Amino acid sequence: MTDGLLTSFETAALWLSVKVAFWAVGLSLPLAFTVAYILARGQFYGHGILNAVVHLPLVLPPVVVGYGLLLLFARGGPVGSWLQENFDVSLAFTWQAAAIASAVMAFPLMVRAIRMSIEAIEPGLEAAARTLGASAWRIYLTVILPLSLPGILTGTVLGFARSLGEFGATITFAANIPGQTQTLPLALFSVAESPGNEVAAARLAIIGVVLALAALLASEVLARRLARRLGRQERYSP
Amino acid sequence: MMTVDFQKTLGTFTLSATFAATPGRMTALFGRSGAGKTTLIDCLAGLTRPDTGEIINHGRVFYDAEKAINLAVQDRRVGYVFQEPRLFPHLSVKANLMFGAGRKQRSVEAQIGVEELLDLLGLHPLLTRLPHRLSGGERQRVALGRALLSDPEILLLDEPVSALDQARSSEILSFLQTLKGRLNIPMILVTHRVEDLLRVADDLVLIDNGKVIATGPLADVAGEAGFQSILGDDGAGSVFAMTVRNHRRTDHLSTLRFASGDLFVPLVEAAVGEHLHVRIKATDVAIAKDRPANISMLNILPAEVVEILGWQSGQINLRLRLPGGDVLWARITAKSASDLKITVGSKVYALIKAVALADPGILR
């Protein structure tokens, strides 16, 4: 039953959580950066609407988000039937569904962090780069992207943490299947539901705390290095 | 040659710019803050789009409203030094300098090599540093080097020294002075400080409230009433282009020559034959009806009153024409004017104290 320090049940939940969080953040990061850039620098009709839509998962009950995803991705749903017809794939109740649920929930936090970083970039730098002959792409890659690294880092850590803790949307959209969609919070929920499992529940809780602490410390170290390089006083850790 | 002729309306403000800038010369856009100077060079750089007109540099059309041409900023080959250095904070000085150097080399390379430019600007010891480790003056030198290394076909300088202290700004200005002799492209300097103007400008474009009110060589435009009003209460005066004639080291004096005669000034650090601009404040000029004898003033120039302008209570400005045709402004009290019976056409003598012409009145 025990696998070194952790039980196989705990190991499965831990690795599933990390895998889900990793994919959730990895998938939404490029889109989050693009949306953050559009919100930070774009002036267009519908700016406010886009901003509101992006922030929706932050204010809606997670269960509502999960239910909405379920409707979209279910076999009869618009996205679900399209995936079924073209790729013969069904996402509902799989770990990929857990990753999508986490990605949607983490998205506004990531956009906010990255947007703040982009807004902190002196707008004059882009004009200066243009007078030096740089194309829009080159400015994006050599000026905007490196200078928003602190925000990308913060966004990644926040998104990762949000994914690790995601419960409501995941359980609604991906269900609570051990070894498949049962991430740490879901496992803790299952264990705590049945009486006499206080020790097992406490162990899962501690694993969650250690994981979150490790992520925060790692981001702190990276943020300090970045800040030193840019000669800034502010700290970028969340 | 760069020819500029365009209009741009921003809200209730209309900028209307018509002038030409000659390669190898420093053309100063001079005017009060808010006169539209920065908007003007932003239009030249392509950062702001004019409404009508055209901008052509050395045969290349930057902007032509009728032909619907608006060349992108990155294709204009402008070297733009902004008021603040705008260095890329995550890149070393070297990477900043080389940011625009990827462009196909055309003109500057032939005139100033990279090594020489780094020497002139004293950038060698700074190459590996990050911008936040530099002083304000160092940053602006890097910004200048970066603009020049991008091999521009026109150099735009927007108040490049206004944020620096006296010593640092003096450094940059003497570099610009050196640069003029080496660079055969139009150079345009935006400034609101008459000191900067006297140091480096060859030609002047006078801008007031969005309109170009005078253009021409510095000493010519400096005589205009519009220039006087921009200079304001303390600054009003005349500017002359002069040549060093000789030095009288024992008397600690130099003689400068201009079209209207010779002028004694405290010894200047300039070689005989060198050209410099001399500014004579209106308040440093006194007027006499007859040629005075036994007087301490070394500089006595015959003049004719061509215009009398009321200044403020009890004071008036006299516009004088010197024998060589130069314009000299003098400010005297209304009482002296009436005591001396000064009217337009009066023949007078302008008296200028040599000690009033010490630096920074004289600037190369």
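Of note:
- Proximal charge balance of B:Asn299 [Cβ under 9 Å; K/R count +1, D/E count -1]: 0
- Chain pair A, B: total accessible area buried, heavy atoms, 1.4 Å probe, Å²: 1900
- Computed helical MRE - 222 nm, chain A, DSSP H runs ≥ 4 contributing -39500 (n - 2.57), nearest 500: -24000 deg cm²/dmol
- Cβ neighbours within 10 Å from other chains - mean over B:80-91: 5
- Of the trypsin sites (Lys or Arg not before Pro) found in segment B:191-283, those in coil by DSSP whose Cβ has at most 13 other Cβ atoms within 10 Å are B:Arg249.
- When the surface is traced with a 1.4 Å probe over the full set of protein chains, A:Ser81 keeps roughly 40 Å² accessible.
- Carbon/sulfur fraction of accessible area - segment B:274-363, other protein chains in place, 1.4 Å, %: 52
- Chain A - accessible surface per residue (Å², probe 1.4 Å): 51
- Relative contact order (%) - segment B:2-219, alpha-carbon pairs under 8 angstrom, separation at least six: 33
- Relative packing of peptides B:143-152, A:110-119 - highest average C-beta neighbours within 10 Å first: B:143-152, A:110-119
- Computed on protein heavy atoms with a 1.4 Å probe, the accessible areas place A:Trp82, A:Trp137 in the order A:Trp137, A:Trp82, largest first.
- Top positive-direction residue, dipole computed over the protein assembly as shown with Cβ charges, set A:Leu58, B:Ile342, B:Ser296: B:Ser296
- Note on segment B:2-219: with charges restricted to the Cβ of Lys and Arg (+1) and Asp and Glu (-1), its dipole about the Cα centre is near 420 debye.
- Dividing the helix sum by the residues of chain B, where each DSSP H run of 4 or more adds -39500 (n - 2.57), gives a mean residue ellipticity at 222 nm of -6500 deg cm²/dmol.
- A simple charge model with +1 on the Cβ of Lys and Arg, -1 on the Cβ of Asp and Glu and nothing else charged puts the dipole of segment A:2-230 at about 780 debye relative to its Cα centre.
- In a reduced charge model with +1 at each Lys and Arg Cβ and -1 at each Asp and Glu Cβ, segment B:274-363 shows a dipole moment near 260 debye about its Cα centre.
- Counting Lys and Arg as +1 and Asp and Glu as -1 over every other residue whose Cβ lies under 9 Å from the Cβ of B:Gly137, the net charge comes to 0.
- Rounded to 5, the percent of DSSP beta bridges in the protein assembly as shown classed as antiparallel: 80
- Sulfur and carbon atoms: percent of accessible area, segment A:2-230 [1.4 Å]: 71
- List B:Ile112, B:Ile69, A:Ile49, ordered by accessible area with a 1.4 Å probe, largest first: A:Ile49, B:Ile69, B:Ile112
- Count of lysine pairs in the protein assembly as shown with Cα separation under 14 Å (8 or more residues apart, or interchain): 6
- Solvent-accessible area per residue for segment B:274-363 (1.4 angstrom probe, square angstrom): 50
- DSSP finds beta bridges in chain B, and of those with both partners inside it, around 80 percent are antiparallel.
- Peptide B:279-288 has a mean of 0 when you count, residue by residue, the C-beta atoms of other protein chains within 10 Å of its C-beta.
- Segment B:274-363: C-alpha gyration tensor shape, a/c 1.5 cut-off, then a/b vs b/c: prolate
- Separation between Cα centres of segment B:43-59 and segment A:110-141, rounded to whole Å: 24
- Here segment A:1-70 and segment B:167-241 have alpha carbon centers that stand 58 Å from each other.
The values are calculated or read from the model by the stated rules, or taken from the named source; none is laboratory data. These numbers were taken from a predicted model, which means no experiment stands behind them. Here Cβ is always computed from backbone atoms with ideal geometry, including for glycine, and neighbour counts include all displayed protein chains. Accessible surface is based on the protein model in full, side chains and every heavy atom, while ligands, DNA and RNA are left aside. Shrake-Rupley method; radii C 1.70, N 1.55, O 1.52, S 1.80 Å.
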